[in-house]
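**Student:** One structure, pasted below without further comment.
Since every read-out is calculated from the coordinates, none of them should be taken as a lab result. The structure displayed is predicted, hence computed values, not measured ones.
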């Protein structure tokens, strides 16, 4: 199972193969642009800084997006 991130032209920019906790960080492993393996560390202070980018409408939409994703993944099997 993986999570893909796309650009506006539906090209895969990153294919994330794992999300794990390591110490205080979140570690994402995957492939950038389909060719470059990458390990990305997200630090707590960066997550705290990202809160400024979150609007209330986006925060309320996140659980809805999870449910939609779950439903769509069940249909595709």
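**Student:** Divide by every residue of the chain the summed helix terms, -39500 (n - 2.57) for each DSSP H run of at least 4, and state the resulting mean residue ellipticity at 222 nm, rounded to the nearest 500 deg cm²/dmol.
**Tutor:** Values: 2 runs with 27 residues, N = 77.
After summing the helix terms and dividing by residue count, I get -11000 deg cm²/dmol.
**Student:** Fully extended, how many nm does the chain gain between residue 70 and residue 48 (0.36 nm per residue separation, minus their Cα-Cα distance)? Intermediate results must be reported in sequence, preceding the final value.
**Tutor:** Values: separation 22, 0.36 × 22 = 7.92 nm, distance 2.71 nm.
Additional length available on full extension: 5.2 nm.
**Student:** Also, I was wondering about something else. Counting alpha carbon pairs within less than 8 Å and at least 6 residues apart, what relative contact order, in whole percent, applies to the chain?
**Tutor:** Numbers: 81 pairs, mean separation 12.6, N = 77.
Over the chain, the number comes to 16 percent.
**Student:** Assuming a ≥ b ≥ c are the square roots of the Cα gyration tensor eigenvalues, decide whether the chain counts as rounded (a/c under 1.5), prolate (otherwise, with a/b larger than b/c) or oblate. It would help to have the intermediate numbers written out before the result.
**Tutor:** Numbers: a/c = 1.57, a/b = 1.05, b/c = 1.49.
In terms of gyration-tensor shape, oblate.
**Student:** Using square roots of five times the C-alpha gyration tensor eigenvalues, list the equivalent-ellipsoid semi-axes of segment 1-42 in whole Å, biggest first. If you can, show how the numbers build up before the last one.
**Tutor:** Numbers: eigenvalues 87, 18, 14 Å².
They are 21, 9, 8 Å, listed from largest to smallest.
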